[in-house]
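Trainee: Before I ask anything, here is the structure I am working with.
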Amino acid sequence: MKHGFIKVAAAVPAVKVADVEYNIQQIESLIAQAEGRGVEVLVFPELCITGYTCQDLFKEQLLLDRAESAVIALLDFTRKLDVISIVGLPVIVNGLLYNCAAVIQGGQLLGIIAKTYLPNYAEFYEKRWFASAQDLNPSSFYFAGGLVDISADPKLFVTADGVKFGVEICEDVWAPIPPSNNLALAGADIIFNLSASDELIGKHAYLKGLLSQQSARTISAYVYASSGFGESTQDVVYGGNAMIFENGHLLAEGERFSFQPQIQMCQVDVERLRTQRRENTTFVNAQRHSHAQEITCKAAAQRDFELERAVDPHPFIPKAENMQDACEEILSIQVAGLGKRLYHINAQKVVIGISGGLDSTLALLVTVKTFDKLGLDRKGIIGITMPGFGTTDRTYNNALKLMEALGVTVREISIAKAVTQHFEDIGQNAKIHDVTYENSQARERTQILMDVANKENAIVIGTGDLSELALGWATYNGDHMSMYGVNAGVPKTLIRYLVSYVAGEQRQKGGNGVKVADILLDVVDTPISPELTPADEKGNIKQKTEDLVGPYELHDFFIYYFLRYGFSPRKIFLLAQRAFGETYTDEVIKKWLTTFCRRFFNQQFKRSCLPDGPKVGSVSLSPRGDWRMPSDASSALWLKECESL
């Protein structure tokens, strides 16, 4: 395991019912492929050595003897291989026949697991042939040339790198309390399932949901291999499913109804799973009394590590097929948060600064939706545009046009005169465009908003987003402060999608909605800027945020993996290389990752006194919620690792 990853696979071999020699050849071929591609643990379907659909042939001693001989052949075949293989076969123990999984590595039979829950309904008749693990008395017996211990107690297999995995068989996962529950609570990072599930209309979708939920419930990786082409189609058909889940997310899926053998492999992030378990107090409480026998696997040969699994460069952005529902849900959370606050204090008015940029636009849209839902007059939304020394015509006009199109109260208050006077009062040279020059403008704007709110018996709606909070890209007691921050849980990359979504929503309404949509789309296309320094000679935005602190798509990526999983800079860098390799060089990624680590630690003092705001996704920086950190914590460890990249 390197960087927290282990490579696993689900294999679906070609099968001939009761032809053990043919089946073992197919299994060996896929084991060889897996070994060659660096797979560490590989699972095959249920009863793959004999075929699942042997029916009363399972009563035949010859078939059972040949299955045992096949295991001996596999032990010999794998003698010089590192890959751990999990295969299915019938095994006689103390006169009873069990549906079992054999775990094999390097010529050693590491253990045998018996199936617990035997389906005996509809098309299934397993109790006709097999006993359950619940009928199994702990014992030792000779099998495949050696003495094997077997019992119904949970068993964990432990790789040389400390990754723990457990095994369950088909129907086990359909039970009300699957064995994988106990295995995960006892420490299993990964669950492997050998299955033989036939295909019925609607069953596949249900199965995927079941496996996804089990993976999520146990905060584990779940690797599933099911019987495919070659099983008897006398009465039912087997589609050959190969699926790999990680905490509910589908990482890999094979082709259903394929007539060819297949192997689905991917890297599972065990470090990520363990992080999620540690912070989930429900999981911590549930595992108190869980235990399992542990069986150690041998160390594999060292290989150069290469990250193979795809990494989403925009982890905060919903997938295209879910975009509409996700955007609607996010907006609903923001609206519900603001709505409760307004209802609680019986506020009829709010004040919001409108710059013509993305953040204030989203805050205004959320506020409008909230007022509409509460049945309040939109004129109670006092939108104030406050042009200053860096305001461009584009943002200024968009701010005015948007407020007018949405029917809110429009006010314009220039800050130029007040800030100029302030410069004179504090002895600031207006020609020096330093941090004092910039922050004086931001604080003047906040003072205007706060004072207007006092005058109107209103509250100030904050516009700052999650990305700005992480980077500290806010003026302390300037745009940093409000009375309710509706965007506090929304990262910058997501805001663009939310505004675009509302634009599409408005365009569908027609009429004035088309005008609103056009304005919103122009806002989306406008470069991100605080506009605190003068525009260029053509009147365009000169002060571009991403030129100063780095691309937000990179920072949002860093934020996600730093906060959500606690990954080190080295691992975040590895993931970013995979996600952005065609967009940014390693030097650029390293530069902005270093910037992120430095700013995140240095700017914590701004997050320690944040106003209220709703959590929207899996990451939040609220000092009362997800993130509690001392403002004087040292960044030395993180910056040192950044330097070593």
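Trainee: What tally of residues in segment 94-121 results from selecting those that are in a strand (DSSP E or B), surrounded by fewer than 21 Cβ atoms within 10 Å (Cβ to Cβ) and either among the polar types (S, T, N, Q) or in contact with a helix residue (DSSP H, G or I) (Cβ under 6 Å, 6 or more places away or on another chain) (or both)?
Mentor: 1
Conditions (1) open to solvent by 20 Å² or more (accessible area, probe 1.4 Å); (2) within 20 Å of Phe124 (Cβ to Cβ), marked per residue:
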residue: Glu35; (1), (2): yes, no
residue: Val43; (1), (2): no, no
residue: Glu46; (1), (2): no, yes
residue: Asp56; (1), (2): yes, yes
residue: Leu63; (1), (2): no, yes
residue: Val71; (1), (2): no, no
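Trainee: Let me spell it out: the conditions are (1) open to solvent by less than 10 Å² (accessible area, probe 1.4 Å); (2) in contact with a strand residue (DSSP E or B) (Cβ under 6 Å, 6 or more places away or on another chain); (3) under 23 Å from Gln55 (Cβ atoms), and Ala131 meets all of them except one. Which number is the exception?
Mentor: Here Ala131 meets the rest and fails (1).
Trainee: Given (1) touching a residue at least 12 places away in the same chain (Cβ under 8 Å); (2) open to solvent by 70 Å² or more (accessible area, probe 1.4 Å); (3) out of contact with any strand residue (DSSP E or B) (no Cβ under 7 Å at 6 or more places or on another chain), identify the lone condition not met by His289.
Mentor: Just one mismatch for His289, condition (1).
Trainee: Taking Leu64, is it more than 20 Å from Leu96 (Cα to Cα), assigned to a helix (DSSP H, G or I) and not polar (S, T, N, Q)?
Mentor: Criteria not met by Leu64.
Trainee: Please note which strands (runs of 3 or more DSSP E) are completely contained in segment 200-257 and include at least 1 residues that are surrounded by 24 or more Cβ atoms within 10 Å (Cβ to Cβ) and within 21 Å of the chain's Cα centre (by Cα).
Mentor: Of the strands (runs of 3 or more DSSP E) lying wholly inside segment 200-257, those with at least 1 residues that are surrounded by 24 or more Cβ atoms within 10 Å (Cβ to Cβ) and within 21 Å of the chain's Cα centre (by Cα) span 221-226, 242-246.
Trainee: Further question on the same structure: When you scan segment 436-453, do you find a residue that is within 24 Å of Leu554 (Cβ to Cβ), free of Cβ contacts under 8 Å to residues at least 60 places away in the same chain and not polar (S, T, N, Q), even just one?
Mentor: Within segment 436-453, the first condition is being within 24 Å of Leu554 (Cβ to Cβ), and the residues that meet it are 438.
Filter again for free of Cβ contacts under 8 Å to residues at least 60 places away in the same chain, leaving none.
No, segment 436-453 contains no residue that is within 24 Å of Leu554 (Cβ to Cβ), free of Cβ contacts under 8 Å to residues at least 60 places away in the same chain and not polar (S, T, N, Q).
Trainee: Among the strands (runs of 3 or more DSSP E) confined wholly to segment 333-417, which include 3 or more residues that are open to solvent by 20 Å² or more (accessible area, probe 1.4 Å)?
Mentor: 409-412
Trainee: Could you list all residues from segment 133-150 that are in contact (Cβ under 8 Å) with a residue 24 or more places away in the chain and not in a strand (DSSP E or B)?
Mentor: Within segment 133-150, Ala133, Asp135, Leu136, Asn137, Ala144, Gly145 qualify.
Trainee: Oh, and also: Which of the residues spanning segment 11-58 are more than 17 Å from Gln264 (Cα to Cα) and part of a loop (DSSP other than H, G, I, E, B)?
Mentor: Val15, Lys16, Val17, Ala18, Asp19, Leu47, Ile49, Thr50, Gly51, listed by residue number.
The values are calculated or read from the model by the stated rules, or taken from the named source; none is laboratory data. In this text the structure is predicted, and so the values were computed from the model without any measurement. Every residue, glycine as well, gets a Cβ built from its backbone with ideal geometry; the counts of neighbours run over all protein chains shown. What goes into the accessible areas is simple: the full protein's heavy atoms, side chains included, and nothing from ligands, DNA or RNA. Shrake-Rupley method; radii C 1.70, N 1.55, O 1.52, S 1.80 Å.
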